[in-house]
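A short worksheet on the structure shown next.
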Amino acid sequence: MQDVNKKVEIGQDVDNKIVVIGAGIIGVTAALNLIREGYHVTLLDRDKPGESCSFGNAGLLAMSSFEPNVGISTLMSSPKWLLDPKGPLSIRWRYFHKLLPWLFSYVRACFSKKIASNAQALHGLTRSSLELYQQLVKTAGCESLVKKSDYLQVYRSKAEFDKAEAGMQSRRNEGYKVDVLEANTIKKLEPALSEQFSYGHQIHDHGYITDPGELLTCLHKQFLSEGGQFEQANVTDIKASHLHCQIICDGKSYHCSQMVLATGAFSKLLAKKIGEKVPLETERGYHETCHAPGVSISRPIMDGDRKFMATPMSMGLRFAGTVELAGVDAPKNPRRFKVLNRNAKEMISGLNTTDSSTWMGFRSTLPDSLPVICRSSAFPNIIYAFGHQHLGLTCAPKTAQLVTDLICGRIPSIDIAAFDIKRFK
Ligand SMILES: Cc1cc2nc3c(=O)[nH]c(=O)nc-3n(C[C@H](O)[C@H](O)[C@H](O)COP(=O)(O)OP(=O)(O)OC[C@H]3O[C@@H](n4cnc5c(N)ncnc54)[C@H](O)[C@@H]3O)c2cc1C
């Protein structure tokens, strides 16, 4: 067996070297923070930056969406969602047997006594998102990508509105201003919204990203301009000791004293290489961006019944969301695109979808809906940062700070016990 404690990169010391694997929004923001701490940082990704899940999301900085996607109400709604062809959830039944262990853990998490404390922990990651992004884009010279805004959640039925009210009350309890909207106010705020929506919430003081792909590109460029290195490389293996990591890619190895694993939905495979098991699944999500929509909206709007967002972005009007449980290997599902297209047209009157682009991405999700942000229990010089489910864009800047605290050996600025991988042992 290779002695990974040996500093194999001839003539170079690895003490100050960090490798971050994964150039999605989590990896790029972490790499940028780390370079600012004086480390020599190499960022690795098998793709070019800006081609991951972080490229195609709905762009919402969902600071008040701190309630985990678990609970008896979510569980009870799942069969209805699955049966509704326009609904937000689908399962590829050929994948079902592989999904079962995760589903069991998910159902257990729905009855957990920790849901309330987990929500508090998640809020620690989401609450400062807008402010932290404003700082990041200022230094990177791309301020126009972050927009301060309210957002709407609208419903066709009173029953869906009532269900959402409990969550909205938790937000109000945390100091967020959430107004209840009647049909005529909804129409006044957003004239392009279809008449179907009779109930709504207006959630104030949030923000959104006007082009998530461009944000990633911009932060990545900033990382390079501050001395960071990027290499396009597919990581196939990791060998580690407590002092040294060797990261093996097709045809090349990288050596460092500490590394960060931020490979989103693919982190399970790489964690396994260092002997760590984690019940990570993917919730695949879809988007359609209409480049000449013919109508406009003024803020992000969530269809509260069908669980997708419409966001006014710089490249067009993007409809993004829904969940497909089908693993990382199955091809895109054309039926999900059709459903999203139909739902978008039903949501926005007069929408033109002829000049559109479509996309599918892999959210990485743990059964309790919290990410893993911690030291590896196998090797303390490996830091994990993955599993941010529907909130990775929102949580990235705070996650990056926590990763940096861990790498620097500082006490993290918030309690991160809830994000420890040991919770699955
Ligand atoms: C439809 C949709 C809408 C969404 N809307 C929102 C929203 O409005 N707000 C919000 O906060 N979040 C949203 N999200 C979630 C958010 O996009 C994700 O949580 C976030 O992008 C995850 O970032 P990441 O860096 O962890 O992973 P990714 O962006 O997936 O990056 C992981 C990177 O790791 C690389 N990688 C994987 N394996 C290897 C390997 N072996 N070697 C080298 N590189 C590797 C991949 O190429 C990839 O670039 C949405 C997601 C979807 C799908």
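Throughout, read-outs are computed from the coordinates displayed, never taken from laboratory work. A quick note: this is a predicted structure, and the numbers were derived from the prediction, not measured. Glycine gets a Cβ as well: all are built from the backbone with ideal geometry, and neighbour counts include every protein chain shown.
I'd like the FRET efficiency for Ser357 and Asp15, computed as 1/(1 + (r/R0)^6) with the beta carbon distance as r and R0 of 45 Å, rounded to 0.05.
Once the sixth-power term is evaluated, E becomes 0.50.
Which of the three applies to segment 119-217, rounded, prolate or oblate, going by the alpha-carbon gyration tensor with a ≥ b ≥ c and a/c under 1.5 meaning rounded?
Because a/c hits 1.5 or more and a/b fails to exceed b/c, segment 119-217 counts as oblate.
Select from Phe55, Phe223, Phe337 the residue whose mean-square fluctuation is largest in a Gaussian network model of the chain (Cα-Cα springs shorter than 10 Å).
Highest fluctuation of the listed residues: Phe337.
Roughly what % antiparallel, to the nearest 5, for the DSSP beta bridges in the chain? Present the calculation step by step, with values, prior to reporting the outcome.
On the way: 57 of 79 bridges.
Roughly 70 percent of the DSSP beta bridges within the chain come out antiparallel.
Just need the relative contact order of segment 9-100 here, percent rounded to a whole number, with Cα pairs under 8 Å and 6+ apart. If you can, show how the numbers build up before the last one.
On the way: 60 pairs, mean separation 18.8, N = 92.
Over segment 9-100, the number comes to 20 percent.
Let's test this: bin the Cα-Cα distances of the chain at 10 Å from zero up to the farthest pair and state each bin's percent.
That works out to 5, 22, 33, 25, 11, 3, 1, 0, in percent per bin.
Which value, to two decimals, describes the C-alpha radius of gyration of segment 304-384 once divided by 2.2 N^0.38 Å? The partial results should precede the final answer.
Working: Rg = 17.4 Å, N = 81, 2.2 N^0.38 = 11.7 Å.
That ratio works out to 1.49.
Based solely on its DSSP helices, what 222 nm [θ] is calculated for the chain when runs of n ≥ 4 H residues each add -39,500 (n - 2.57) and the sum is averaged over all residues, nearest 500 deg cm²/dmol?
Result for the chain, helices only: -10000 deg cm²/dmol.
Report the extension gain between Ser225 and Trp93 in nm, rounded to one decimal, defined as 0.36 nm multiplied by the number of residues separating them, less their alpha carbon distance.
Result: 42.9 nm gained on full extension.
Which distance in Å, rounded to a whole number, links the C-alpha centroids of segment 329-358 and segment 211-234?
30
Describe numerically, in nm with one decimal, the distance between label points set 7 Å from Cα along Cα→Cβ at Glu131 and at Glu37.
2.1
Taking the C-alpha atoms of segment 21-65, how large are the radius of gyration and the largest Cα-Cα span, Dmax, in Å?
12.3, 35
If you average the sequence gap of Cα pairs under 8 Å that are 6 or more apart and divide by the length of the chain, what percent do you get for the contact order?
Averaging sequence separation for qualifying contacts and normalising by length gives 25 percent for the chain.
What residue among Gly327, Leu402, Ser314 has its Cα farthest toward the positive end of the dipole of the chain, where the charges are +1 on Lys, Arg and -1 on Asp, Glu, each on the Cβ?
Going by the charge dipole, the pick is Gly327.
Which Cys residues of the chain have no other Cys Cβ less than 4.7 Å away and so no disulfide-compatible partner by this rule?
Cys53, Cys110, Cys245, Cys249, Cys256, Cys290, Cys374, Cys395, Cys408
Relative to 2.2 N^0.38 Å, what does the C-alpha radius of gyration of segment 248-390 come to as a ratio? Two decimals please.
Scaled against compact globular proteins, the figure is 1.30.
Give me the percent relative contact order of segment 246-324, please, defined on Cα pairs under 8 angstrom at least 6 residues apart.
This gives 23 percent for segment 246-324.
Name the residue, out of Lys188, Lys147, Lys177, whose mean-square fluctuation peaks in a Gaussian network model built on the chain with Cα pairs under 10 Å.
Of Lys188, Lys147, Lys177, the most mobile in the Gaussian network model is Lys188.
Please give the FRET efficiency for Asp84 paired with Lys138, using the beta carbon to beta carbon distance and R0 = 60 Å, rounded to the nearest 0.05.
Step by step, r from the Cβ atoms, then E = 0.85.
What nm distance separates the two modelled labels at Ser296 and Arg342, each placed 7 Å from Cα along Cα→Cβ?
Here the answer is 3.1 nm between the modelled labels.
Evaluate the distance, in nm, between pseudo-label points positioned 7 Å from the Cα of Ile72 and of Glu182 along their respective Cα→Cβ axes.
Roughly 3.4 nm, to one decimal.
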